[in-house]
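Nothing in this text is a laboratory measurement; each read-out follows from the coordinates by a stated rule. Every value quoted in this text rests on a predicted model; they were computed, and no experiment measured them. All Cβ positions, glycine included, derive from the backbone under ideal geometry; neighbour counts span all protein chains shown.
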Ligand code: PMP
């Protein structure tokens, strides 16, 4: 027999970067600048807390929304760091990674036929998430001219006034762009004017190298229409522990919790102990990792400029987004530099409209490897461009 796959599943194409992994496997000297996760291990204090919780046999489910103590710690943390005020009882839900939180939001707020406007290029999970929930996607491209920041003009031109929700990700994966308060104001105004729900993925908030991160939820009239996503994968180097959270008004978080309590019950318990400790005692570890990312960022940006590849001053996350030299598509460049020089980068097209002609280069890799990889890219460009 053959399975009858749902139309929704069939509509979504497989991930565009799989082919690159296959090529990468053909060589054993590949340096990967293709990854989207920290190269650091989880800070020891957080690992110790996880180990201790296991030794003490703390292996049961927690409250659906997450351990109360952890929600209190999250409330204090987002208040201190980002000026966000959310109540532990009703306005915070702890999830299996920010990924689960994003998925819950789409399922809680999207009806069939609803449209989600997505500022692109962006993280690859939003579009499938909307489609799995039965909605439709409206791409809102951002451009190099605007340093990949979203503008009200861009929203207008894409027809986002007709959309039901807007998905934002700043600091951005894949471009490394950030949005300052002044950049966010007109976006907030647009959202208020056209009554859009805003889903704001702020998982890279700590990884902001110029100024401080501003959450769109702190702007006037935005708290009541925004869900903020964050988590421990990036800043606390905890990807494999799978822990994230969403912040929002009680009604919205309650709806997300309704789905979560049936599908997930509760986020991983061991990871919740690690996360609590991460918030309580790992601030210096985070500062140290951020300082290292920043050194790498400056190195990579200056090397691309030396090589003669146009790159804008990416100020957040751990990616930069150089333009490929003339004569190449992004995909050609990525494939050839991988085959000839053994450097893996991701073509920008994979991340949606606006990404064409660019490469996502991750610097979540040690300086030694970054040095080697950039020398190989330089050799490749000298030979071909
Ligand atoms: N959002 C963005 C923008 C990401 O880059 C990632 C991870 N690559 C996620 C969410 C998923 O994070 P988590 O590990 O918390 O599910």
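What fraction of the DSSP beta bridges in region 58-281 is antiparallel, stated in percent and rounded to the nearest 5?
Values: 8 of 26 bridges.
DSSP beta bridges in region 58-281 are roughly 30 percent antiparallel.
Starting from the Cα gyration tensor of the chain, multiply each eigenvalue by 5, take the square root, and state the resulting semi-axes largest first in whole Å.
On the way: eigenvalues 206, 131, 89 Å².
After scaling each eigenvalue by five and taking roots: 32, 26, 21 Å.
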Once you put a point 7 Å from the Cα of residue 302 and another 7 Å from the Cα of residue 5, both along the Cβ direction, what distance in nm separates them?
4.8 nm
Could I have the simple spin-label model distance between residue 180 and residue 335, label points 7 Å from Cα toward Cβ, reported in nm to one decimal?
4.1 nm
Please give the length that would be gained between residue 265 and residue 156 if that part of the chain were fully extended, namely 0.36 nm times their separation in residues minus their C-alpha to C-alpha distance (nm, one decimal).
35.2 nm
Under a Gaussian network model of the chain whose springs join Cα atoms within less than 10 Å, the largest fluctuation of 224, 55, 356 belongs to 55
So, R0 is 56 Å and r is the distance between the beta-carbons of residue 224 and residue 383; what FRET efficiency does that work out to, to 0.05?
0.50
Modelled label reach - residue 194, point 7 Å along Cα→Cβ, region 142-161 residues with backbone N closer than 19 Å
142-143, 146, 148-161
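Mind sorting 32, 60 by how few other Cβ atoms lie within 10 Å of their own Cβ, fewest first? The partial results should precede the final answer.
Numbers: 32 20, 60 7.
Placing the least packed residue first, the sequence is 60, 32.
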I'd like the orientation of helix 330-341 relative to the chain: the angle between its Cα long axis and the longest Cα principal axis, in ° from 0 to 90, rounded to 10.
70 degrees
Quote to one decimal, in nm, the extra length available between residue 27 and residue 51 on full extension: 0.36 nm per residue of separation minus the C-alpha distance between them.
5.0 nm
Degrees separating the helix 283-307 axis from the principal Cα axis of the chain, which is the longest one
30 degrees
